[in-house]
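The values are calculated or read from the model by the stated rules, or taken from the named source; none is laboratory data. Fair warning: this is a prediction, and the values are worked out from it, not measured in the lab. Here Cβ is always computed from backbone atoms with ideal geometry, including for glycine, and neighbour counts include all displayed protein chains.
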Amino acid sequence: MSRKPKSTYSSFTTDDFLLDDDFIQWVQHPTPDSDAFWQQFLLAYPAQRNNVMEARLLLQHLQFETSHAPATVFNNVWGRLEKSIALPAPGRVRRLRFPKWAAAACITAALVLAGAWWYAQPVSIRTGYGEMKKITLPDSSIVMLNANSRLRYARQWHSRKIREVWMEGEGYFDVRHLRRNNAQPQPSDQFVVHLQTLHIHVLGTSFNVQERRRQARIVLNSGHIEVDLNDNLSKIALQPGEMLQYAAAEKKLEKKKVTATNYNAWTSRQLVFNTTPLADVIRTIEDTYGYKVVLQDSLLTKRTISGTISISSEQMLFMALETTFNVKITKEDNTIFINNQ
Amino acid sequence: MRESYTDDDLWTHFLQGDKNAYAKLYERFFHPLYNYACKFTTNTALIEDSLHDLFLQVWKSRLRLNAAPGSVKNYLFKAIRHHIFHKLKAEQKNTRTSADDPVFDLRLNRETEIIQEEQLARLQQQLAKALVTLTPRQREAIFLRYYENFSYPEIARMLGLSQKATYKLIGRAISQLRKLSIADFTPALITLTTLLLGLTILTIIPVYIFK
């Protein structure tokens, strides 16, 4: 079954067909799907009949002589391998002293075990308040980890096993697609992000995930993801430009269209607001910088802002907030006081 | 009864020291590797030694190997090629023969004369002759692509070429085979013969399924 549209093949020469992966696959290992595809192709582009038939004919005749190894050769080689790989036979005389080779073997074994233990330990990366880290995963996927967050994953990743990470806080994921464009994705190609309240399944996509205080927010930039809410119901699919919000305690689920890039602007040290109330901004400050925020005028919570502000430093953030919200910000130890101008 | 493992599964288990997985890998790949080796030389002792050295090396270096380096099959084929070339070079030094380009003896299977149709028999002959006009490298590339079904990047890795060069190599080879064999078939005849082949294959497939 070809992933390329039929029109691609409409101008193929015989040689083009002979070199095409999907065409070769069809001639050598036909399936009902691929048969249907190529029959439909020939109906749509009858002028290509000749080239297709020529290529088929040649491929069908490209059958080669095979040399089969005699059983004796198969067995001899294996016999030699067994001898080379087996441990030496034990000595005739038993000495009380610990022989050197046994000591070396023990040390090697211990080192190998230590190494194996080390490799079995998961990798755990934390960011402190106001810190951001870029992490490259074993499959070359990239995660930008926001402040006050944690990412955990197995040190070694094996192909044919799904890729998994565990995250707390916020991260922007750029997941590498494992397959070539034509090939059928396998279940083991999946990349799964585990949060406390849900799990995200992807193949190869870019998305922003945030889970704070058991409230999850996922924004998809490109590709396709499926979210598993751990409730034994079917997964929820997201399209690019969609945001999913899930409050586990109330089991409240909301999906809406957003400008995806607004939600990963933090990776470029910016924050984008769109009629965002001050209350939300305060939550971001608390989660990202670890401050306790005190509003000295309760009416302030209703103020909203729209626009982009730079957060390359705390000072920049507070200055920008002062200007846009028209407030006065004072810092005392670990507490931020926000008051009217 | 053991379920069927993928190459990568076996490889992963083998890396952890699983001797059964190692044995299964040997079982699975010995014959294809032997078949490939036979194309380079008729010296069965050399082939046997190469296979032994390859599997021994694989066992010995398992603590340093990655889980599934690309594809297990690609890794093993590339490695046996290296072992064979290495031994062939050593042999040439001993016998003082001129260092020819290594051969690749690829022949058509004479047994697949499904239809004793005269035209098809002629096609077989033309194709067999055409195969001889290719360079050894071209024949090897054809074998790797159309028989072992390696991808272009995998073949490139094995032959030490760029992907582009590999594509060109195979492109020219298959084009030449085509020009020297089916180019003089008439369109009607092609359709007829392909249809006949198709029908015959349809009857043969059920036989294989029930074997």
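Can you tell me how many residues in region B:8-31 are in contact (Cβ under 8 Å) with a residue 40 or more places away in the chain and either of a type in the set (Gly, Ala, Ser) or touching a Ser or Thr at 6+ places or on another chain (Cβ under 7 Å) (or both)? Residues meeting the conditions: 2.
Yes/no matrix, rows are residues, columns are (1) under 23 Å from A:Glu226 (Cβ atoms); (2) more than 14 Å from every other protein chain (Cβ to nearest Cβ); (3) loosely packed, with under 13 Cβ neighbours inside 10 Å; (4) touching a strand residue (DSSP E or B) at 6+ places or on another chain (Cβ under 7 Å):
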{"position": "A:Gly115", "(1), (2), (3), (4)": "no, no, yes, no"}
{"position": "A:Ala120", "(1), (2), (3), (4)": "no, no, yes, no"}
{"position": "A:Arg126", "(1), (2), (3), (4)": "no, yes, no, yes"}
{"position": "A:Glu131", "(1), (2), (3), (4)": "no, yes, no, no"}
{"position": "A:Leu137", "(1), (2), (3), (4)": "yes, yes, no, yes"}
{"position": "A:Ile142", "(1), (2), (3), (4)": "yes, yes, no, yes"}
{"position": "A:Ala154", "(1), (2), (3), (4)": "yes, no, no, yes"}
{"position": "A:Arg176", "(1), (2), (3), (4)": "yes, yes, no, no"}
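Would you please name the residue that is surrounded by the fewest Cβ atoms within 10 Å (Cβ to Cβ), looking only at residues in region A:48-65 that are among the aliphatic types (A, V, I, L, M) and in contact (Cβ under 8 Å) with a residue 12 or more places away in the chain? Ranking the qualifying residues of region A:48-65, first place goes to A:Leu59.
Could you list all residues from region A:223-236 that are in a strand (DSSP E or B), in contact (Cβ under 8 Å) with a residue 24 or more places away in the chain and not acidic (Asp, Glu)? A:Ile225, A:Val227, listed by residue number.
Does any residue of region A:252-259 turn out to be under 30 Å from A:Gln296 (Cβ atoms) and loosely packed, with under 14 Cβ neighbours inside 10 Å? Looking through region A:252-259, none of the residues is under 30 Å from A:Gln296 (Cβ atoms) and loosely packed, with under 14 Cβ neighbours inside 10 Å. Take the conditions (1) part of a strand (DSSP E or B); (2) surrounded by fewer than 20 Cβ atoms within 10 Å (Cβ to Cβ); A:Phe207 misses just one of them, which is (2). Of the residues making up region A:257-315, those that are part of a loop (DSSP other than H, G, I, E, B) and not small (Gly, Ala, Ser) are A:Val258, A:Thr259, A:Arg269, A:Tyr291, A:Gln296, A:Asp297, A:Arg303, A:Ile311. From the list B:Ser98, B:Ser175, the one residue that fits, being at pLDDT below 90 and either of a type in the set (Ser, Thr, Tyr) or surrounded by 14 or more Cβ atoms within 10 Å (Cβ to Cβ) (or both), is B:Ser98. With the requirement that a residue be loosely packed, with under 15 Cβ neighbours inside 10 Å, aliphatic (A, V, I, L, M) and touching a helix residue (DSSP H, G or I) at 6+ places or on another chain (Cβ under 6 Å), what does region A:280-314 give you? If the condition is that a residue be loosely packed, with under 15 Cβ neighbours inside 10 Å, aliphatic (A, V, I, L, M) and touching a helix residue (DSSP H, G or I) at 6+ places or on another chain (Cβ under 6 Å), then no residue fits.
Which one of A:Lys83, A:Lys100 is among the basic types (Lys, Arg) and at pLDDT 75 or above?
None of the others qualify; the one that does is A:Lys83.
Conditions first: (1) farther than 23 Å from A:Gln121 by Cα; (2) in contact with a helix residue (DSSP H, G or I) (Cβ under 6 Å, 6 or more places away or on another chain); (3) part of a loop (DSSP other than H, G, I, E, B); (4) not hydrophobic (A, V, I, L, M, F, W, C). A:His177 passes all but one, so which condition is the exception? Unmet for A:His177, out of (1) farther than 23 Å from A:Gln121 by Cα; (2) in contact with a helix residue (DSSP H, G or I) (Cβ under 6 Å, 6 or more places away or on another chain); (3) part of a loop (DSSP other than H, G, I, E, B); (4) not hydrophobic (A, V, I, L, M, F, W, C): (2).
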